[in-house]
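Single-structure report; data block below.
The values are calculated or read from the model by the stated rules, or taken from the named source; none is laboratory data. Quantities reported herein were computed from a predicted structural model and do not represent experimental measurements. Glycine gets a Cβ as well: all are built from the backbone with ideal geometry, and neighbour counts include every protein chain shown. Areas reflect the complete protein model, heavy atoms only, side chains present, ligands, DNA and RNA absent. Shrake-Rupley method; radii C 1.70, N 1.55, O 1.52, S 1.80 Å.
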Amino acid sequence: MKLIDLRSDTVTKPSPEMLRFMINAPLGDDVYGEDPTVNELEVFCASLIGTESALYCPSGTQSNLIALLTHCERGEEYIAGQTAHTYLCEGGGGAVVGGIQPQPLNFESDGTLDLNKVKSLIKPDNDHFARTKLLCLENTQSGKALPLDYLANACLFAKKHNLKIHLDGARIFNAAIKCNTTAQQIAQGFDSVSVCLSKGLGAPVGSLLCSNASFIKRARRWRKMLGGGMRQAGMLAAAGIYALKNNFQRLKTDHDNARLLSQKLSEIDALKVDYPENQTNMVFVEIGATDPFKLSAFLKENGILIHESKILRLVTHLDLNQEDILKTAEGFKKYYRSTTKNSLQ
Ligand SMILES: *Cc1c(COP(=O)(O)O)cnc(C)c1O
């Protein structure tokens, strides 16, 4: 039985075509800058994001950490969302490795950071305080694509307040499809952008940090120090090239599937489904009084994988088709039919 895995868009497996492309990639030593496939990926990705250069990294966590280390020195500070990957989900890397202090604040419901609130958190130039250096945004944020005018304002804001601005664009390509624009348009004005190949694009591993050439030169040094200098990495980079060329436009299908899933699950009274207009490939579902462990165990028996949580995050991706979505909705309905029946007995 095919497993329908809705836990994340990181779970995709390389297709036979992607694997063939990986096997045939020309290779060299990337620490010497001699892997032609890594070099091609970096040039190609930089062109898509509209930056001078890009750096291939093993993970998005490392790419974001390298960005922090390249922008900030010890005793400096970055501002990020309370639930931002760069703050919550990267083991405190900036603080651990770089002596960089995070200043978190809550995201607004649309995934933005309120710039007035950000302004109030910028520390005055005073020996008591860490020096506020960097603002980090995330796009998409929990699957929500940030409005283009907000992004432009945030970049102007950063410039005005003498801050650098980094975009954690793990899912920037989902945002581009959602906003009917290019990744380049979204990235415009940012000092650095991190993009993931291993999310909706379907590559097995890899992220790129994109910026100007002098920033990337300094970033390359940090990558080596963090152990991210991989040798014949072209085998992996080839998957990234394949993903960017073949799996970008099809992200629309994931968004359509997420919308369909949200509609089907809305038919179940016990569930409160959240799928706002700017949402892409994630459906958030409050399960109220439902036991998350029973629900997840029941679904698992039916070949559907979710995380156990009071608020489910269901993520669509290229290994799921419309039929899988309908099966998923049917699985949920079956669960609630069975629990209603039990409670009546
Ligand atoms: C996945 C993700 C990353 C990077 O994660 P890795 O698993 O380290 O590649 C960074 N930011 C966001 C928002 C993500 O979703």
Check: Just the projected area, averaged over all directions, of the convex hull on the alpha carbon atoms of the stretch 250-338: how many nm²?
Finding: 5.2
Notebook entry, point to check: Helix 251-266 versus the longest principal axis of the chain: what is the Cα-based angle in degrees, 0 to 90, to the nearest 10?
Noted result: 40
Checklist line | Whole-percent carbon and sulfur share, accessible surface of the stretch 16-246, 1.4 Å | finding: 51
Notebook entry, point to check: Roughly what angle does helix 60-71 make with the longest principal axis of the chain, taking Cα atoms, 0 to 90 degrees, to the nearest 10?
Noted result: 30
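Report, for the chain, the % of DSSP beta bridges that are antiparallel, rounded to 5. Before the final figure, lay out each step's value.
Details: 19 of 39 bridges.
The answer is about 50 percent antiparallel.
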Check: Of the listed peptides 311-320, 186-195, what is their order by residue-averaged count of other C-beta atoms within 10 Å, with the highest listed first?
Finding: 186-195, 311-320
Check: So how do Phe129, Phe107, Phe293 rank on accessible area, 1.4 Å probe, biggest first, that is with the largest at the start?
Finding: Phe293, Phe129, Phe107
Margin query: For a test of the definition: using alpha carbon positions, the gyration tensor, and the 1.5 limit on a/c, classify the chain as rounded, prolate or oblate.
Written below: oblate
Checklist line | Apportionment of accessible area to carbon and sulfur, the stretch 250-338, percent (1.4 Å) | finding: 51
Notebook entry, point to check: GNM on the chain, C-alpha springs below 10 Å: top fluctuator among Lys333, Lys117, Lys252?
Noted result: Lys117
Checklist line | Per residue, in Å², the accessible surface of the chain once ligands and nucleic acids are set aside, probe 1.4 Å | finding: 46
Checklist line | Listed residues Cys89, Cys179, Cys72, most fluctuating in the chain (Gaussian network, C-alpha, under 10 Å) | finding: Cys89
Check: Given the options Thr70, Thr290, Thr12, which has the most mean-square fluctuation in a GNM of the chain, springs set between C-alpha atoms less than 10 angstrom apart?
Finding: Thr290
